[in-house]
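See below for the structure under consideration.
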Amino acid sequence: MFDNLLESNAKKERRAGGTVASVVIHAVLIGAAAYATSQAKQVLEKPKAENVKFIEVKKVEEPPPPEPERAPPPPDVVAAPPIAKGFQVLTAPIKIPDVLPDIDLSKSVTNEADFSGKGVAGGIAKGVVGGIVPEKIDASQTYFEFQVEKQVAAIPGSGPRYPDMLRSANVEGEVIAQFVVGTDGKADMSTFKVLKSSHDLFTAAVKNYLPNMRFHAAEVGGAKVKQLVQMPFQFSLNR
């Protein structure tokens with residue numbers, strides 16, 4: 001009765017055809033995956049062609065910077081016409097004073113040569129032949145050194161300040177300046193001109209000092225006049 005035993009979990013019989021089909025399908029899938037991966041790698045590794053275009057940019061020409069404004073040079077001094085070479089005549093006073101007049105030592109000493117009687121009446125001994133006899137001295141005119149009877153004389157002072165940088169460097173120099181001294185004994189800075197200078201700092205020192213400098217004004221016929229002056233300024237170190 002119990003000669004034939006029944007297995008509770010019966011094993012299914014495997015077919016050879018199913019196994020082969022499974023292996024083939026997996027092989028196809030793996031191959032397809034490998035091929036897709038290799039193609040993707042080639043796509044990623046393929047260099048990208050860059051399209052580079054060179055564009056010529058025109059250089060914008062900037063306008064040149066404006067030149068700094070320079071101070072105009074001082075105008076040329078127009079000197080008075082030269083005084084004629086000649087002599088002067090002494091005139092006796094109409095009213096004789098009964099007291100001694102005050103003596104003005106700042107006035108020029110009478111030049112004996114001006115009363116020699118030679119040349120043109122009204123002129124001076126050191127005048128110019130063919131010059132003009134001034135009937136009246138024009139204080140607005142500027143005279144040269146040889147045209148005046150009494151030349152400009154500087155009143156002693158401290159002098160220009162020595163530039164510190166040049167002093168420390170033991171640099172000496174000279175400035176020759178030209179300017180007009182007015183009837184008030186002051187330099188007219190609008191006529192200031194540098195004829196020679198060994199350094200710009202020396203020039204600046206002279207230009208800063210000159211407005212404070214005082215002079216005895218020039219004289220012609222006892223009247224104060226303006227005179228064109230050329231004056232040297234020495235910068236020397238005491239060694």
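The values are calculated or read from the model by the stated rules, or taken from the named source; none is laboratory data. Remember, it's a predicted structure, so these values are computed and weren't measured experimentally. Backbone-built Cβ (ideal geometry, glycine too); neighbour counts: all protein chains shown. These area figures cover heavy atoms from the full protein model, side chains too; ligands, DNA and RNA do not enter into them. Shrake-Rupley method; radii C 1.70, N 1.55, O 1.52, S 1.80 Å.
Quantify, in whole percent, the carbon and sulfur part of the accessible surface of region 159-231 (1.4 Å probe; protein heavy atoms only). Carbon plus sulfur share of accessible area: 48 percent. With the cut-off at under 16 Å, measuring from each backbone N in region 196-233 to a point 7 Å along the Cα-to-Cβ line of A169 picks out 197-205.
Our estimate of slack between Q230 and Y209, defined as 0.36 nm per intervening residue step minus the Cα-Cα distance, is 6.0 nm.
Label separation (L29 vs K59): 6.9 nm, computed from points 7 Å beyond Cα along the C-beta direction.
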